[in-house]
Amino acid sequence: MDWGNILGQSITQGLGVLAVIYALAAIGLNVHFGYTGLLNFGQAGFLAVAAYGLAVTIVVLELPLFVGVVIGLLAAVALALLLGIPTLRLRADYLAIVTIAAAEIIRLLVRSVTLRDIFGGSDGINAFANEFFSYSPFSAGLELGPVRLSQNDLWVVVVGWTLVALSCLLVWLLMRSPWGRVIKAIREDEDAVRSLGKNVYFYKMQALIIGGVLGSLGGFIFAVGFQSVQPDSYATDLTFFAYAVLILGGAGRVMGPVLGAVVFWFLLVFIDGTLAQLVQNGTITFIRTDQVGQVRYWILGLSLMLLMIYRPQGILGDKKELALDAR
Amino acid sequence: MPDDDAAALEQADIAEERAQFAHTTIAGELLGRRKAVEALADVPHEPGVPKPDPILVADGIVRRFGGLVAVDVAHAEIQRGSITALVGPNGAGKTTFFNLLTGFDQPNEGKWSFNGIELKGKAAYKVARLGMVRTFQLTKALSRMKVIDNMALGAKDQKGEHFWAAVIPGIWRRQEQSIEAKADGLLARFKLDTKREDFAGSLSGGQRKLLEMARALMSDPDMVMLDEPMAGVNPALTQSLLGHIMDLREQGMTVLFVEHDMDVVRSISDWVIVMGQGKVIAEGPPDAVMSNPAVIDAYLGAHHDKALTDTGESLSFTEPE
């Protein structure tokens, strides 16, 4: 067993591009679900509009990176308004239904043959991140013990974790303010908040936009980190993994989604590496190497179930708080 | 805007007036109560009767749920500075009427005004901002928030509740301190000061009722609407809750409350409005209303000659003894 190699890869992934993407997506979901109580099942849609906004601006419109970022952010705000205006006046479950459908509509739209000239169909749009990498101050990759990052990945990861840090700072500042107090109160009981003279609809809309914009940052990192946008990267499993990350780390805690993302990707790669080696050296005989990829999700799912049973508040959550009578 | 100035002046006047007679008693008698009783002394005891100084006037309010007419109030007025009880049998439309007045539901027909301002079509949060705050039959304590945060939420016009200002603590910190000081004062008055840092969800049912009432007072309302303030409160707390409600009147606020307990109604209210099948069927001071044959028929049933607290259920409990 080459534990050094397994651990090295696990740590690299735990701090890598995917962890950054899921951390940002989950930070956005934390504002929606953890603080405001909005059930957004379409977070993938926010990442998709940002990533495609960026890629289309650069490749099709041939405009600079910075314009692409602005267009991506505007697209995320527009999506939040589009989803929120009809549904935020209704009961919470309607938002869940509408968001999951909207995210799928976006994915199928950018995947469609009709719009192939703009969005590139199922192949997506590739190789548009040269400008992004031209800003990189790094001339070589990173080799720090078992952690290995290529020159490009290092730049993506540095930008990514900076965005994560800034997002956490924003969420922390917001949630300790009176604005955050109203937001958390809406999660508890929106009629009570209404009876105290607060415009609940307006606050929920603000929360939906902020969470969507924070998630869209993950979309930008996704696009430049892989130098490609593909419609099927933004399927519903992206949203559900982001929820898993959030609940694992602890919803309603500033650092919950960040810790959740790191642990999630560390564990996924760790289980994968360990299983693969055990199969290769003949310790495990009942599965083949090409089945490891599926089995690791079973084990991860099982671990999440156990977490929900024995620590439903997540790693950072407060069990006493969760146990309170929600009425 | 000149309207705002006028409103601000009026607010200042009200505050001054409140300060003048807050907690003052003459020979042990509550001044607010005397004022209310005197004002209502010459008002005839009939449904929909006009009051000398109404704070709330409702006209032709109809609310239908499909074929069912839940509320059909031709006319109702609430005297400023009084405690008015809204009573009636289950399903009489009391809570629906409450929801309509406070903007939590919209009627099919009718109009109503508060302090002379038309409320038709106004959202619930706007009604609350105008100075009419309510509590709920099922208490809505914000469980996973601290008691002090529950209180601070009630304060009006908070700078830090605007998104961009929220990010810069310098903008709202001072106001926050004064809000907390005010909240601490109210918590002490409601004997919840020892619970300040506890989660609201850890309070008992009665304490939650107190917290909800205290939270409503954070906005300095002109009128407080209490939906069954005594429901689920243990008898030891009832007296203290009653005291707090009477105290609101002494501070110049108007109280409208829904209640089933006739002893409570009799002991604190200046005026009683009885609803039955969505309509106002009787009005008057508590004693007059309770001997009104229409009320006895609709509400008290066959046991009207017994003590008023002995409803059918409690009688059947005591019979075997």
Quick one: Karplus J couplings for region B:193-198, per residue in order, coefficients 6.51, -1.76, 1.60, θ = phi - 60°, nearest Hz, x for Gly and Pro? 4, 6, 9, 2, 9, 7
If amide H atoms are built 1.01 Å from N in the plane of the peptide, which residues on other chains or at least 5 residues away come under 5 Å of the amide H of B:Met145? B:Ala200, B:Gly201
Neighbouring Cβ atoms within 10 Å as the yardstick, rank A:Leu300, B:Leu248 fewest first. A:Leu300, B:Leu248
Summarise the partner chain shielding of A:181-193 as one whole number: the mean count of Cβ atoms from other chains within 10 Å of each residue's Cβ. 6
Inter-chain shielding metric for B:93-105, i.e. average beta-carbon neighbours from other chains within 10 angstrom, reads 1
What lysines could a cross-link reach from B:Lys279, if we take a straight Cα to Cα line under 17 Å and drop same-chain neighbours fewer than 8 places away? B:Lys94, B:Lys111
Given H placed on each backbone N at 1.01 Å, which residues far from B:Met275 in sequence or on other chains put an amide H within less than 5 Å of it? B:Val87, B:Gly88, B:Ile281
Among B:Met290, B:Ser269, B:Val280, which residue has its Cα furthest toward the positive end of the charge dipole of region B:260-302, with +1 on Lys/Arg Cβ and -1 on Asp/Glu Cβ? B:Val280
Using the Cα centre as the reference, give the magnitude of the dipole from point charges on the C-beta atoms of region A:94-226 (Lys, Arg: +1; Asp, Glu: -1; all else neutral), rounded to the nearest 20 debye. 420
Please give me, ordered by residue number, the chymotrypsin sites (Phe, Trp or Tyr not before Pro) of region A:59-167 that lie in loop per DSSP and have at most 16 other Cβ atoms within 10 Å. A:Tyr135, A:Phe138
Hey, got the dipole for the protein assembly as shown? About the Cα centre, +1 on K and R Cβ, -1 on D and E Cβ, debye to the nearest 20? 1520
Count of lysine pairs, chain A, Cα-Cα under 24 Å, sep. 8 or more residues or interchain, comes to 4
Per residue of region A:9-18, in order, report the coupling 6.51 cos²θ - 1.76 cosθ + 1.60 (Karplus, θ = phi - 60°) as ³J(HN,Hα) in whole Hz, putting x for Gly and Pro. 5, 5, 5, 4, 6, x, 10, x, 4, 5
Expressed to one decimal in nm², the mean projection of the alpha carbon convex hull of chain A is 18.4
Rank A:Tyr234, A:Gly256, A:Gly197 by how far each Cα sits towards the positive end of the charge dipole of region A:116-261 (+1 on Lys, Arg Cβ; -1 on Asp, Glu Cβ) and give me just the farthest. A:Gly197
Just to be sure I understand: if I project the alpha-carbon convex hull of region A:170-215 onto a plane and average over all orientations, what area do I get in nm²? 3.1
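Every number in this text was worked out from the coordinates using simple rules, so none of it is lab data. All values reported here derive from a predicted model rather than from experimental measurement. Cβ atoms come from the backbone with ideal geometry, glycine included; neighbour counts cover every protein chain shown.
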